[in-house]
1. Looking at this structure, is ALA213 among the aliphatic types (A, V, I, L, M) and over 27 Å from LEU111 (Cα atoms)?
2. With respect to ILE228, is the statement that it is assigned to a loop (DSSP other than H, G, I, E, B) and either in contact (Cβ under 8 Å) with a residue 40 or more places away in the chain or within 19 Å of the chain's Cα centre (by Cα) (or both) true?
3. With a cut-off of at least 3 residues that are open to solvent by less than 20 Å² (accessible area, probe 1.4 Å), name the helices (runs of 4 or more DSSP H) lying wholly within the stretch 233-310.
4. Could you please give the count of residues in the stretch 213-225 that are open to solvent by 30 Å² or more (accessible area, probe 1.4 Å) and assigned to a helix (DSSP H, G or I)?
5. Scan the stretch 144-168 for residues that are open to solvent by less than 80 Å² (accessible area, probe 1.4 Å) and within 16 Å of the ligand (Cβ to nearest atom) and jot them down.
6. Pull up the stretch 87-100, narrow it to residues that are open to solvent by 50 Å² or more (accessible area, probe 1.4 Å) and under 23 Å from VAL35 (Cα atoms), then point me to the one that is nearest to the ligand (Cβ to nearest atom).
7. More than 23 Å from ASP224 (Cα to Cα) and either assigned to a loop (DSSP other than H, G, I, E, B) or modelled with pLDDT under 90 (or both), is that true of LEU10?
8. Filter the stretch 193-212 for residues that are in a loop (DSSP other than H, G, I, E, B) and of a type in the set (A, V, I, L, M, F, W, C); which is most open to solvent (accessible area, probe 1.4 Å)?
Amino acid sequence: MKIILTLFALLSSVLLIAQDAKLPIIDMHMHSYSVGYMGESNIPNPVTGRPSGAASDKELMQATFFEMHRYNIVKAVTSGPLDVVYRWKTEEPKRFIGGVYFDEVTSLPDLEQLRQQFITGRLGVLGELVAQHVGLSPSDSLFEPYLSLAEELDIPVGIHTGLGPAGTPYTCCPKFRVTYGNPILLEEVLVSHPKLRLYIMHGGWPYLEETKAIMSVYPQVYADLATINWIIPREEFHEYLRGLIRAGLDKRLMFGSDQMVWPEVIGLAIDGIESADFLTEEQKRDIFYNNAARFLRINDEEIRNHHQQK
Ligand SMILES: [Zn+2]
């Protein structure tokens, strides 16, 4: 009897450990911002209504790291001002892939410098490219040399699609147009650059039909589910996600949080996927990790290491 009880105790503690061990997650869409980057500091989280708890750049970085460790986010593509991206990457080199953020056409990155940053691995993704906010189509000739460089060096490209916050053209970005968020506009880019490793950011929401059309004709295209997994009504997100899954795209959807200055959105974004009860466990693992690992071409050894952490 005593042996049975001991065995039972042993088994339940093993089960508890198994429950506690979180499987690894890759976040394909994060930002390294300074605390006042969103304009005024203390700007409230649009979902919780609460301002960022971080009072300094360092606090914002540390609070984001804390959430990443809590949810076992083993890798994240992060973009923002390059000095901030590099600071984060220096703190946790293996955890971050640096992205180059295009938010103003007046300060486009120097092409030769960018080439060096890609070659040395300081940066690993071209994106987030937000043509929509400056009133341009992603297929505008302005971006052509950058896309050619990414194709030449085999660097993944993340392009913002979908919508922006209510009133965007009246506030930050007078040239912003809903029209330029349509993923159908990626077609000319894909035709001109057939080897480009492109992913549609924000899952193309709300353009379900156009996203399905692009992803079915161009099987190399992936999509992240960032922001829509926490900022839009949950039912709307789940309906949209269900549409993408029904179209057979479950091997090309990737998790993203779009963490900006509110580290708590990482948990909200994860819950957006976890609470989708129409997804199988395998589909959830694909979205949280496997699809991004394939898209980023993470090697077997690193994949093993990710599953041994924690
Ligand atoms: Zn975006």
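1. yes
2. Against the criterion (assigned to a loop (DSSP other than H, G, I, E, B) and either in contact (Cβ under 8 Å) with a residue 40 or more places away in the chain or within 19 Å of the chain's Cα centre (by Cα) (or both)), ILE228 qualifies.
3. Correct list: 234-246, 265-274, 291-295.
4. 3
5. The answer is PRO156, VAL157, GLY158, ILE159, HIS160, THR161, GLY162, LEU163, GLY164, THR168.
6. ARG87
7. So LEU10 passes the test.
8. TRP205
The values are calculated or read from the model by the stated rules, or taken from the named source; none is laboratory data. Computed from a predicted structure; not experimentally measured. Methodologically, a virtual Cβ is constructed for each residue, glycine included, from the backbone with ideal geometry; neighbour enumeration extends over all protein chains shown. With ligands, DNA and RNA removed, areas are computed over all heavy atoms of the protein, side chains included. Shrake-Rupley method; radii C 1.70, N 1.55, O 1.52, S 1.80 Å.
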